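The values are calculated or read from the model by the stated rules, or taken from the named source; none is laboratory data. Quick caveat: nothing in here was measured; it's all calculated off a predicted structure. Here the Cβ positions follow ideal geometry from the backbone for every residue, glycine too, while neighbour counts run over all protein chains shown. Each accessible area value is taken on the protein alone, full model and side chains, heavy atoms only, with ligands, DNA and RNA left out. Shrake-Rupley method; radii C 1.70, N 1.55, O 1.52, S 1.80 Å.
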Amino acid sequence: MIVALVVLLLLCPCVGLVGWAVWRVADADSTATPGPSVSVPAVPAPSTAAPSPSEDDEEYARGDCVVNDGTDDNAELRKVPCGPNTYEVLLRIPATTDGDRCDTLAPQATANYVHDNTVDLLDYVLCLKER
């Protein structure tokens with residue numbers, strides 16, 4: 001009986017914590033629709049570039065090239081073949097929204113893109129170099 005009481009006392013706070021975390025994430029998803037912030041100037045895509053399919057959760061890796069189809073304040077990056085007037089991804093820094101980290105981790109970067117997700121673990125910064 002004592003063992004059952006101890007187990008019950010240990011499980012209740014854990015279940016409550018998990019429920020609170022799920023409620024908080026669900027509440028954040030329904031009340032906030034944050035767009036990514038950016039310091040990449042809008043650059044028209046070269047006419048010879050064949051874009052890859054656009055996805056909201058598209059993964060960017062070192063060596064990928066992108067163009068910004070959006071604005072400086074609301075960027076919409078799209079993968080394209082590398083060429084003039086594109087930005088090359090030099091570094092992807094996961095789990096942060098600190099664009100200034102590009103200054104030390106990728107000093108040759110000329111711009112950065114900050115993806116701010118409601119789940120902080122899914123945030124990332126792209127350090128970019130204009131080609």
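Restricting attention to the range 77-98, report how many residues are of a type outside the set (Lys, Arg) and buried (at least 16 other Cβ atoms within 10 Å of the Cβ).
Adding up the residues that qualify gives 10.
List pairs: first residue in the range 114-131 and among the polar types (S, T, N, Q), second residue crowded, with 17+ Cβ neighbours inside 10 Å anywhere in the structure, Cβ distance under 8 angstrom, at least six positions apart or on different chains.
As it stands, the answer is Asn117/Asp123, since those pairs meet every condition given.
If you check every pair at least six apart or on different chains, which have Cβ atoms under 8 Å apart with a residue in the range 69-85 that is in a strand (DSSP E or B) first and a residue that is of a type in the set (Asp, Glu) and open to solvent by less than 70 Å² (accessible area, probe 1.4 Å) second?
Leu77/Glu58; Lys79/Glu58; Lys79/Asp64
Identify all residues within the range 86-113 that are acidic (Asp, Glu) and either free of Cβ contacts under 8 Å to residues at least 12 places away in the same chain or over 19 Å from Glu59 (Cβ atoms) (or both); write none if there are none.
Asp98, Asp100, Asp103 - these are the residues of the range 86-113 that are acidic (Asp, Glu) and either free of Cβ contacts under 8 Å to residues at least 12 places away in the same chain or over 19 Å from Glu59 (Cβ atoms) (or both).
When the residues of the range 110-129 are narrowed to those that are farther than 18 Å from Arg78 by Cα and of a type in the set (A, V, I, L, M, F, W, C), which ends up most open to solvent (accessible area, probe 1.4 Å)?
Only one residue tops the list, namely Leu121.
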